[in-house]
Structures are given as C-alpha cells and as structure tokens.
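Trainee: The structure under discussion is supplied below as structure tokens; questions concerning it will follow.
Read the figures in this text as sums done on the coordinates, not as results from a lab. In this text the structure is predicted, and so the values were computed from the model without any measurement. Methodologically, a virtual Cβ is constructed for each residue, glycine included, from the backbone with ideal geometry; neighbour enumeration extends over all protein chains shown.
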Amino acid sequence: MAELLEAGLIVTLVGLTVVFVMLTVLIFVIGTMSRLSRIIDVVVTAAPPASTARPATALRRADDDELAGVIGAAIAAHRRKR
Amino acid sequence: MAELLEAGLIVTLVGLTVVFVMLTVLIFVIGTMSRLSRIIDVVVTAAPPASTARPATALRRADDDELAGVIGAAIAAHRRKR
Amino acid sequence: MAELLEAGLIVTLVGLTVVFVMLTVLIFVIGTMSRLSRIIDVVVTAAPPASTARPATALRRADDDELAGVIGAAIAAHRRKR
Amino acid sequence: MEDSIRELWLSTGLANFRLGQILMMLVGGTLLFLAIRKKFEPLLLVPIGFGAILSNIPIAAMAGPEGLLGYVYAVGIETGVFPLLIFLGVGALTDFGALIANPKTILLGAAAQFGIFTTMIGALLLNAVPGFDFTLADAASIGIIGGADGPTAIFLATRLAPELLGAIAVAAYSYMALVPIIQPPIMRLLTTKKERAVVMQQMRPVSKLERILFPLTVLIVTALLLPTAVPLIGMLTFGNLLRECGVVERLNKAAQNEIINIVTIFLGLAVGSKLSADQFLRVETLGILVLGAIAFGIGTAAGVLMGKIMCWATGGKVNPLIGAAGVSAVPMAARVVNKVGQETDENNFLLMHAMGPNVAGVIGSAVAAGVLLALLGP
Amino acid sequence: MEDSIRELWLSTGLANFRLGQILMMLVGGTLLFLAIRKKFEPLLLVPIGFGAILSNIPIAAMAGPEGLLGYVYAVGIETGVFPLLIFLGVGALTDFGALIANPKTILLGAAAQFGIFTTMIGALLLNAVPGFDFTLADAASIGIIGGADGPTAIFLATRLAPELLGAIAVAAYSYMALVPIIQPPIMRLLTTKKERAVVMQQMRPVSKLERILFPLTVLIVTALLLPTAVPLIGMLTFGNLLRECGVVERLNKAAQNEIINIVTIFLGLAVGSKLSADQFLRVETLGILVLGAIAFGIGTAAGVLMGKIMCWATGGKVNPLIGAAGVSAVPMAARVVNKVGQETDENNFLLMHAMGPNVAGVIGSAVAAGVLLALLGP
Amino acid sequence: MEDSIRELWLSTGLANFRLGQILMMLVGGTLLFLAIRKKFEPLLLVPIGFGAILSNIPIAAMAGPEGLLGYVYAVGIETGVFPLLIFLGVGALTDFGALIANPKTILLGAAAQFGIFTTMIGALLLNAVPGFDFTLADAASIGIIGGADGPTAIFLATRLAPELLGAIAVAAYSYMALVPIIQPPIMRLLTTKKERAVVMQQMRPVSKLERILFPLTVLIVTALLLPTAVPLIGMLTFGNLLRECGVVERLNKAAQNEIINIVTIFLGLAVGSKLSADQFLRVETLGILVLGAIAFGIGTAAGVLMGKIMCWATGGKVNPLIGAAGVSAVPMAARVVNKVGQETDENNFLLMHAMGPNVAGVIGSAVAAGVLLALLGP
Ligand code: NA
Ligand code: NA
Ligand code: NA
C-alpha cells in the first residue's frame, strides 16, 4: 500500500503542477490575445473593410429575408409595368 | 496515359449524353405532369370532395386545437348544467 | 393444425387472463396511489416546506432569468456608485 | 465505348425492373395517396409509402445492407430502438389524467384487447385455406394489429415475425386511419339509443402528485407481473414522467418534438423498406388485411360490450360508447365516441370520458404484446 | 517521479508536433478565418476548419478509430448517410416552383455540368506534369467540384476517391463561396449588353398538386434511367415531398432544422478530420484547387452559352445570364445573376427566373454523380 | 396449458426479483425524489434515477447487451461520445466573457482542483480500512467528483474505472446540487468579515474578436501542453466558437438545444443502467460518497484560500469569496458566492466576478482529467 500511496503522491504533485502551469500559461496567453485583438481591432477599423465577398450560406434558403425582399421588389416592378 | 485519357473522353461523352437525355426527358415529363395535374384539378374541383375520412394523425395529440375546442365546449356545457 | 390451434387457444386463454388480471390490479393500485397522494398532499401542505435546497440546473445557463436579474441589479448598483 | 454504353444500359432501371417491383411502387404510391389526399395517418404513411418506392428501385439497393434504408433498419428496427423511442415521445405527449380520475375505465382498455387474441385464432384457422401457413408467432403478430397501436405492432412483429413486418405495419396504420369508418356502425349496432344518451358525471381534478406517481405505479406493476412488457411500458412511463414531473421541461420538449419527429421519419422509411414484392405480393398479405379489419371490429365490439356491463353494474353511470375508445388509436377513437354520442344528444360531450379507456388501450396493447413475447418470444 | 515527468513530457503536444500537423492547423485556421471573417459558407467551413485543427493535434487521436471524429466519420461519411441526410434537408428547404413553372430552364442546369466533365479531362491531362498521378476515379471526383454542390461532392468522393475527400470538400465549399467573384467577369465576357437587358415574362403560378407530383415525377424518371443517382435524388425528393404535401409539417420542420443542423455539425467535423498533412500537403491538392476553379468557370460559361442558344431559339425571351445559375450553389448563383442583370437595367429582376436553372443544377449534379458512379463505381 | 402458466409465472417479476434489485430500485426512486421534490440537478437525476429502476427489473434485461439501455451505453458512453457532446452544448451555452476580462481569476479555478488530488490520496488511504481496495485509477476517478463537472467525471470514470461509473456519476451530480449547503459554512469559516465586504472593480467590456479568439487560444494551449485533455477541451471550445463566431446561429442553436437535450436523456438513462446491485451495494460506494463530499469541501477551501492570497497580492482588490466558485458547478457556485457576499453587504454584487473562476473551474477540471488520463490512462 505504501507503494500505491507513493504513486498517488507523485500523481498529485505532477498533476497539480501541470494544472497550475497550464492555467498560468493560459492567463498570459489570454492576456496577449486580448492585447493583440485590440491592436487588430484598431488597425482593421482604420483600414477600409477588406471583405468584398458577399455572405454565402447554402442552408439559409428558406428563411432568407434578402431573397424575400428581392422577390417582393421584382413582383412590384412587374405589376408596375403591366 | 493515352489509354486513361481515352477512357476519360468516353466517360465524358457518355456522361454528358446521359445528363442531357435525362434532363430533357425530365422537361417533357414535368410538362406532362403539369398538364395532367391541371386536368385533375379541374375534374376534382367539379366533382364533390371525395374525401370523407377525417384527418388521422396519431402524433398531433399535444397541439391539437380541435381537441382543445371540444374539451372547452364540454366543460362549458357541464357548467351550464350545474 | 389441430395442435397449432390448441396452442393458440391456450395462448388466448392465458393471454386474456393476464391482460385482465394485470389491468385489474392496476385499477386497485392506481386507486390506492390516488388515496395515498391525497394523504401526502394534506400532510405536506400542513407541514412547512421541507425543501431548502435551491434549484440546481446545470443546463439552464443560457436562458436564466434569475441570473439576468442579478446581473441587471449589479450593473445598476455600479452605475449608482459612479 | 460500346462497353460503357452497354454497362450503362445494364445499370438503368429500364433494363432491371421486375414486375413485382413496379407493383410495389404502385403500393407505395397508393399509401402516399391515402396519406396525402385522404389524410390517413400521414405522419407514418408518407415515410412508409416513400420508403416502399425507394426500396423497390432496382440497382439502387437502398434497402440492401449498404443502403441508407438498410442501415436505418438494422440500427433502429432490428434492435427495437425506434418503436421504443416513439413510445417515449407518446408518453411525453399523453395526458393520463382521465385514466387517473376514473381508473375503472381501464377495464374497457382491457376488453378491447379481445380483438388481438381472437384475430390470432382467426389467423390460425385461415391455415385451413390452401396458401396460408401462419405459425403461432405469425398469428400473434397479425393479431396485434387489433391493438391499434403502431409502435407496439412494429415492436412485436420485429421480434416474432419480421418477414410480415411490412404488411402488419401498413395494416395497423391504415386501419387506425379508418377508425371513423369501421367503428360507428358497430357502436350503433350494439347499443340502444337510451344507452347512447347516458350523460356521465364530471370528472374530479387530478393532483400533480398523482400525475407524477402514476407512471411509476404503472411501471412497478408491470415490473412485478409482466417484465416482458417493460421495454414498451418503461419508455411510455418515462416519457410521461418527463412530462409531468415539471422540472425537466427541456427534456420533455425534446421527447415530444425532436426525438419523436426524427425517429418517425426514419422508422417510416425503414418499415417501408420491408415492403418488397416477394414478401408483400402474396395471398398472406390479403389474409393479414382482412384479419386486421376483423381485429379492429372485434376489439371495438368487445370494448362496447364491456361498456354495457359497466353501465349495468354502475346503474347507468357509464355510457357504453366509451368502450369503443379502448382500442386506443389515440385520440381518433375518443373523438369518434364523442361524435357518435352527439348523434343522440348533441349536448353530451363524451370526449374526456373516452380519453380514459383510450389511453388505457395503449397500456392494454403493450401488456398483450408483453404476454405474447413471454409465451412465444425468442 | 522522473518516470512520471518523462511520461508526461512525452505526452505533451510540444514533444510530438510534427511540421505537417502545424501546417494543417494553419490550414484549419485559414478556413475559420474565411468562414467567420469573409463569410465563406460558414455553416460548413467552421466545422471543417475546427475539425482540421482537432484532428491534427498529436496524441489526442481524435480522428483515430477510437476518437470522436473517427467514430463520426465511420458512422456518417463512410456509409454515405450524412450527405444523404443533408440532401433530405435541402429538399425540404428548396422551393422548386420556378423550375416547375418553366421546365425548359432545366437545360441550363444540364449545360452547367460541362464543367464537371471537362475538369475531369483536365485532371487526367495534369498527369503529364510530374508528381500528379490521378486515376480516372480521382479525376471524376475532382470534376464534381464543378457541380457546386457540397453533399454531392462529398458523397461521390467518399465512394470514388476517399483519400482526396478533404481537399475536394474544401475546394467545393470555398469556390461556392467565391461564386460572386468567379462568375460575373465570365458572364459579362460572354454576353452582349442587349442580351443582358432581356426582360423575361412573369412566371405562371404553380398549383399545389403540381408541387406534390413534382418530387415523385423526378424520382420515377431517375429510377427508370439512372438508379445509381437514386440515393441522392431519392432523399432530395423525399425532403421536398415532406415540404409540399402539407400534411406532415412536424416531419418537414424536423428535416429543415433539427436533422440538417445536427448533421451539418458532424459532417463538417468529419470532413475536416480528413485534412491530414500526408493527404493534403501534396502537389495534388494544388492541382485540385486549380482544377476546381476551372470547373466553376467552365460550368458558368457553359450555362451562359446554353442561355444564349435558348435566347436565340425563343426569339429573345430568355436572358442568357440565368444560365450561369445552372451551376447550382443555391441561392448564391441566382443572386449573382440578379445583380449582374441590374448592372444593365436596374429594374430587371432576374432572381425568380434564375431560381429555375439554379435548383435544376442541384438535380443536374446529382445526375452527373449518378453517371460517374455507374461507370466508375465499385 | 400447465406449461404455459408455469412459463408465464417464471417470466413474472415476482418470481425473479432479488433483494439487491429491489434495493437498487429504491435507490433509483430516491434519486427521482431528490430530483423532482428537492430539485437536485433534475435534468440528469431524473433520467439516471429512472434508468436505475429500469435496469434492475429482472427478465426485461434493458441494460443487457440487447436492451435499449445496453445499446445506448455501448454507443454513447463506452465510446465517450455522449460526455463530449454534452461538453459541446456546454461550450455553446457558456459565456466566457468574465474570464476573458479578468484572466487572473483562472488561478482560482486552478486552486479548486486541489480537491481532486487530495481526495485521490484520501481514497488510497481508505484502503487501510478492510473492505476497500481502490486502485490508483479508481482513486483518481473518485477524486474527479471534486471537479464538480458531471460530463468530465463520466468521461474519466468510463476510461479509468468503468465499474465505479454509477456511484461516481450519482455522487457528482448530487453534490453539485448540494453546493448551496456544502459551500457557505466553509466560505464563512475561512474569511474575515472585512474580506467578504471587498467590493470589486467593474469589469471591462470584452470585444467580439476576443470572444472569437478565446476558444482557439485555449485549444492551442491545451494542444501544446496536454493533448489528452483535447477531447474535452476541444468540444467545449468548438461549442463556444459556434456561439461566439456569429455566423452559424443554426448550428449554435442545435448545440445548445437539440443535441444537448437529446444526449442528456440518453446519457442519464445509460449512466443509470450502471446502478446495479453488485456494483453499487458495497461498502466502496459509501466510501465514494464520503470522499466526494470531502472533495467538494477541499476544493471550496482551496479556492477561497487562493482568493485570500490574490486579495493580499492585489492589495485588497479581489474578494476571496469568489475563489469558492472555482469548483465550477456552473452557475450554482457563482450564485452562492453572490449570496454569501450579500450577507455582509447587500449592495455588493459578486456574481459577475464569480463567473470568471466559475467557468475557469470547468477548464481546470478538464485539464486535471487530462493529466490523470495521461498518467494513468490505457
Ligand atoms: Na391498444
Ligand atoms: Na450543380
Ligand atoms: Na471544475
């Protein structure tokens, strides 16, 4: 049993160390990430919007407001012509 | 490689032919289906409604408006009697 | 075939007996359950509410009105202090 | 090139269709017509009908061991998982209040199971006709059609007579849809006008505690007396507990909607995939359809007759018509009772009173299935 | 103690990462960037990108036979079940009204499939370049990218060239997102201003019966002529029947929402799990990306040219631009048509007219996949 | 006839119940009582309790290899799939904003994991008592109860000590429900009134970009340092990315609702099916329950003590009470912190500040589980 207990103590020591090391690393990395993202936000807001591609969402076929709008406009235009 | 390319050309030829034949057949069949369904619609609308069976939907137990209505009426009737 | 029919009749006899016995037992047990639950309701309503533990529902994180309320109050309190 | 064309021709449907497959596709189309146009249990018959069409297309092999319907059948039906999940949803959707308020009406749900057993005997008698050769297990599976409960029929048939599953499921759901046509004449024939005019006492309210203890009570009784009925009754009562306990609305909603809807689609397709020509286009199917109609009729009659006994025993406090609801087919049969009752007295609302035997019939059929499994199961 | 630390070190990512895995995680990150920032088909590319990151983490073995992504791949992709369930949902989400009102536009959906086959030839020609060694099945799977239909591409690639699945799926969804950039220059190049200004006649209304019979009609024609396309077309038409029959709203909703959403998450993760360094970081992937772009371009051009033929044949009643929508990529390509049309005449609304070829393109690609399966399948 | 009756009697529960099964059904009933009446984590304990009842009914064999619960266990628990899907949903439901705004509070989530490891040692010490014979893997699985995270506990126990799964899951969810009773005395004991009155600074707002990069950051760190924690952390962060990226609302909704609800039902039933007499009715279960309570207590204490250190280190800017939230049990423990704080100053709202350590505790336990898997896993 002493052997098992020793193994348990080692697991505890190693385990707690890893938990603290990893979560401490996480603290710093998250801090860095936050600072980085503030820089990015500033740069991107200053620059003109990079994205010109239109949204592409194959699944939104049904509840597509834009589609409905265009259809509505098309119908209205047609009626006007008649 | 020439052999592979020849096989590819055959697949292309056969494939495109099948695609066009099948979709062309589909054009005609859909047209026929449309004409047929207009005839059916006319015949059925002229005739009295064939369906006398009541809707039977075992799963609609919960959100069943009709059921709720009948229950409501039953409760009302009971109260009147008291 | 006579043998098969005999087996069928035995299954019928045994089967119907079991169905009736079991459902009859159910009638009495449900009746007892109802009486019991009325007694419990009386006893519990008379006694002070036994439950002091707060509701614990790990999954309700998102749509949690209480949480939203407390957060709202906290924000309001903070603004007042400034 | 020629080889390619030849290969392609050999892979067309035109070169491979057999007559039986075409006929079965017509059967599938008929089911779709009944479901969509006549509104025969569309939630089941649309998937079953479409499944029948898909599985009879040659070459595609959708019902084969590597086809979508084949996978679904192996995973959901052979294992019994899908009918049980449907029962979970049915439990969450069902209000057993009427039965708790008036437990004596359970007897009406018991009587209606007569149809199951007499039809079983009928199937065995049919063996006298050349061309019929039903085993006892086959006969029992045919009888269960009279239970008027789709998932129970599918669950039992899968275990006792898998080769008859397609015909049995089709018969079960079709006749459930025909309840408004099959039942009224029988109900009128067996009752007097005076009996049909009986007005029943208003039901007592049912407390929340009773509703919570009810599923557990039913489960315990089933566990003690008939454990082979536990899978079906267990899932039914679990669903009902989710509904009534009031603290797991998320799970209740999932059982009532997502789970039962998704499973219904796949259950229907998989059942439809068993509508193959070699299993369906035989004289036995005709026998099953005829016997199924008889089963419904006898079940209705037995329920009404038991209603008459209860009417007499209670000194006229029970309207015998509500016995007809004991076949289950929830909530159709209860509505039919209400309608037939109103033919005599249009202010007589029997619906709530018929809901008791109606939901008791679900339990009754599951119990009958449990007995049959115990006696004839593997 | 030392052993424990050593063991732990050996189980860290730091000690096990290989360069290829890091590069693949960057690929995954790029897909996430494109999906979230550039809105490239995010519903698919978010799960695919995340799946790529997860499956390239050493030790975790999430894409291995006992990892979550490995299980999902085996259950959902290898069996073909997930793409078929997506098609079920797409069928329930798609309104085929425009195609029924104007069935001739199906030809435009046929023409756009040119891209598939010419790209296949292109892939075979690429074998002349050292480092490329595509089989005919590989080439066909690459060509299907031009179908602009994700589930079809995944379904075919899983059957013909599973080792290329990751690259093919990524290319298919990326180019679908790039439709607004790839198509307009080609459309402008191939049409005159006068052609682009053609105003099309208003479409006739489509009856409910037509909408119900349409999926059955398409299924029967497919069954007769090309059963290998039945799994895809069958699920598409089943979903559409659930939508149009009007009596199974519960199932329709389940197909449009729960089923397609849940399956999309897992399909994406599982496809992403095939983005491993040894299969993706090769010159062949570059080839696939280039060929995919060509496939889209040729498909668009073929659609527009067929549109010109139809314009000429109908005496100027068809605006050739709508041919570009034949590649499918529903509803993006139809919107692009509308937009390019309005550049010439801002009161010319081509959207509804483009929806016909647009949904026809879905059927067209499924048919092309069926032919390829019939000729090259296992 | 006699044979039939005999067969039937032998198939009743009455003839087959053993004492252990009856006791386990009472255990199941107790869990239902706690869940429904006392509102102890009902979403899990209702299915677990019902699963315990179902699986202890003789003959029915619902937990057997061909029973519904047996199938569900094999498919969802043995593979680890269900706990991971729950984590996907938890990620989609969790707002990590408080943690991002104040990352230092992660240390509190780390400290609370002390409970896990000291309890593991406690379990090993218990081996000195006759009747106990825990392996190191058993002890680690017991310790994880202190993580106060159900899915993590189930995931680890399935891998390290499957025979203890039932008891561990029951202990984990029961103690999570008891957090409002276990924690406050410990919190009051270890803090001065002045410390409890500390008012914390308002948190800064968190940008959308930070929220999107957060899950990826956590995943990358985990991948580099502890890949064995990647399955749990990976699914948690994937769910969170679906929530925060803003372009896949459909998938986010599916993860938050359909997936987590459906999986919770089946996870609960399957865990309940492991509550069999031979595995639960032993002295070891008592030990597990006692140790679990200790684990929660030590975790709370360690969190509060670390809070005191942070209070001192920041010159009184951190209220030590929020350390207690580090055990996770989201969002219960954070609410308890808020309540205990208001006992001293009713205008002191600690809830948002406690959410940081609270969600950090989820990550902390998953990391601890990863370490234990790396050191003791198969
Ligand atoms: Na019944
Ligand atoms: Na296409
Ligand atoms: Na924790």
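Trainee: Give me the count of lysine pairs in chain F whose alpha carbons sit under 25 angstrom apart, restricted to pairs 8 or more positions apart or on different chains.
Mentor: Total qualifying Lys-Lys pairs in chain F comes to 20.
Trainee: If you don't mind, there's one more thing I want to ask. Along the positive direction of the dipole of segment F:13-376 (beta-carbon charges: Lys, Arg +1; Asp, Glu -1; about the Cα centre), which of F:Ile116, F:Ser141, F:Ala360 reaches farthest?
Mentor: Sorting the options by dipole projection puts first F:Ala360.
Trainee: Right, here's the next one. Mind giving me the nanometre distance, one decimal, between the label points for C:Leu4 and E:Glu163, set 7 Å out from Cα along Cα→Cβ?
Mentor: The two pseudo-label positions are separated by 5.7 nm.
Trainee: Right, next: Determine the shielding of peptide E:260-268 by partner chains: average, over its residues, the number of Cβ atoms on other chains within 10 angstrom of each Cβ.
Mentor: Average per residue, whole number: 5.
Trainee: Kirkwood hydrodynamic radius of segment E:13-376 from all distinct Cα pairs, in Å?
Mentor: Value: 20.7 Å, from the Cα pair sum.
Trainee: Compute, for the protein assembly as shown, the length of the dipole vector about the Cα centre, with Cβ point charges of +1 (Lys, Arg) and -1 (Asp, Glu) only. Units Debye, rounded to 20.
Mentor: In total the dipole reaches around 5140 debye.
Trainee: Work from the charge dipole of segment D:13-376 (Cβ charges, +1 for Lys and Arg, -1 for Asp and Glu, about the Cα centre) and give the residue of D:Leu251, D:Met200, D:Ser276 farthest towards its positive end.
Mentor: The Cα lying farthest towards the positive end belongs to D:Met200.
Trainee: Which one, D:Met120, D:Met235, D:Met200, has the greatest fluctuation when you compute a Gaussian network model over chain D with C-alpha springs under 10 angstrom?
Mentor: Among D:Met120, D:Met235, D:Met200, the largest mean-square fluctuation in the Gaussian network model of chain D belongs to D:Met200.
Trainee: Pop a pseudo-label 7 angstrom from the Cα along the beta-carbon direction at both B:Asp41 and E:Phe33 and give the gap in nm to one decimal.
Mentor: 5.3
Trainee: Let me ask something else about it. Evaluate peptide F:190-202: per residue, the Cβ atoms of other protein chains within 10 Å of its Cβ; return the mean as an integer.
Mentor: Taking all residues of F:190-202 together, the mean is 1.
Trainee: Kindly write out, for segment E:33-47 in residue order, the coupling ³J(HN,Hα) from the Karplus curve 6.51 cos²θ - 1.76 cosθ + 1.60 (θ = phi - 60°), rounded to whole Hz, with x marking Gly and Pro.
Mentor: 4, 4, 5, 7, 7, 9, 6, 6, 5, x, 4, 9, 6, 5, x
Trainee: Now for a separate question. If you rotate chain F onto chain D, whose Cβ in F ends up lying nearest the axis, and how many Å away is it?
Mentor: Chain F residue with minimal Cβ-axis distance: F:Glu258, 3.
Trainee: If you don't mind, another one. Of the options F:Val90, C:Gly15, F:Gly20, report the single residue whose Cα projects farthest towards the positive end of the charge dipole of the protein assembly as shown (beta-carbon charges: Lys, Arg +1; Asp, Glu -1).
Mentor: F:Val90
Trainee: Averaged across the residues of E:210-220, what count of C-beta atoms belonging to other chains lies within 10 Å of each residue's C-beta?
Mentor: What the average comes to for E:210-220 is 5.
Trainee: Next question. For an R0 of 56 angstrom, estimate the FRET efficiency from the Cβ-Cβ distance between F:Glu66 and E:Thr192 and round to the nearest 0.05.
Mentor: Efficiency for this residue pair is about 0.20.
Trainee: Oh, and also: Which distances, shortest first and in nm, link D:Gly64 to the matching position in the other copies, using label points set 7 Å out along Cα to C-beta?
Mentor: Label point to label point, same position, other copies: 3.5, 3.5 nm.
Trainee: Relative contact order (percent) for chain E, with alpha-carbon contacts under 8 angstrom and 6 or more residues of separation?
Mentor: The normalised contact order for chain E reaches 30 percent.
Trainee: How far is helix D:230-245 tilted, in degrees, relative to the longest principal axis of the Cα atoms in chain D, given as a value from 0 to 90 rounded to the nearest 10?
Mentor: Between helix and principal axis, roughly 60 degrees.
Trainee: As I understand it, the value is the acute angle between the Cα axis of helix F:150-160 and the longest principal axis of the Cα atoms of chain F; what does it come to in degrees, rounded to 10?
Mentor: The helix F:150-160 is inclined about 60 degrees to chain F.
Trainee: Moving on to the next point. Distances from F:Asp133 to the same position in the other copies: list them in nm, one decimal, shortest first, using label points 7 Å from Cα along Cα→Cβ.
Mentor: 5.8, 5.8
Trainee: Could you let me know the centre-to-centre spacing of segment D:128-155 and segment E:63-97, using Cα atoms, in angstrom?
Mentor: The two parts, judged by their Cα centres, are 36 Å apart.
Trainee: Amide H neighbours of F:Ala148 under 5 Å, counting only residues 5+ apart in sequence or on other chains, H built in-plane at 1.01 Å?
Mentor: Those lying under 5 Å, H to H, from F:Ala148: there are none.
Trainee: Which residue, D:Met355, D:Met62, D:Met306, tops the fluctuation ranking in a GNM of chain D built on C-alpha contacts under 10 Å?
Mentor: So, out of D:Met355, D:Met62, D:Met306, the one fluctuating most is D:Met62.
Trainee: So, one more: From the helices alone, meaning DSSP H stretches of at least four residues, give me the mean residue ellipticity at 222 nm for chain E, per-run term -39500 (n - 2.57), in deg cm²/dmol to the nearest 500.
Mentor: When only DSSP H runs of four or more count, the value is -21000 deg cm²/dmol.
Trainee: For chain F, the longest stretch holding no GluC sites (Glu not before Pro) located in a DSSP loop with at most 16 other Cβ atoms within 10 Å is which?
Mentor: For GluC sites (Glu not before Pro) (loop position, at most 16 other Cβ atoms within 10 Å), the longest site-free span of chain F is F:79-345.
Trainee: Have a look at D:Asp138, D:Asp95, D:Asp278 and tell me which one the Gaussian network model of chain D (Cα, springs below 10 Å) gives the largest fluctuation.
Mentor: Top of the fluctuation ranking is D:Asp278.
Trainee: Okay, next question. If you rank F:Asp149, D:Asp345 by fewest surrounding Cβ atoms within 10 Å, what's the result?
Mentor: Starting with the residue having the fewest Cβ neighbours, the order is D:Asp345, F:Asp149.
Trainee: Right, another one. Quick one: 3J(HN,Hα) in Hz for segment D:54-61, Karplus 6.51/-1.76/1.60 with θ = phi - 60°, rounded, Gly and Pro as x.
Mentor: Couplings: 4, 6, 9, 7, x, 6, 4, 6 Hz.
Trainee: How far, in nm to one decimal, is E:Glu346 from itself in the other copies if the label point is set 7 angstrom along Cα toward Cβ? Shortest first, please.
Mentor: Spacings between copies for this position, smallest first, are 6.3, 6.3 nm.
Trainee: For segment F:321-334, what does the Karplus curve 6.51 cos²θ - 1.76 cosθ + 1.60, with θ = phi - 60°, yield as ³J(HN,Hα) per residue in whole Hz, taken in order and with x for Gly and Pro?
Mentor: 3J(HN,Hα) across segment F:321-334, in whole Hz: 4, 5, x, 5, 6, x, 5, 6, 6, 5, x, 3, 4, 5.
Trainee: Let me ask you something else. Enter the angle in degrees (range 0 to 90, nearest 10) between the Cα long axis of helix E:260-272 and the first principal axis of the Cα atoms of chain E, meaning the one along which they spread out most.
Mentor: Once rounded, the angle reads 50 degrees.
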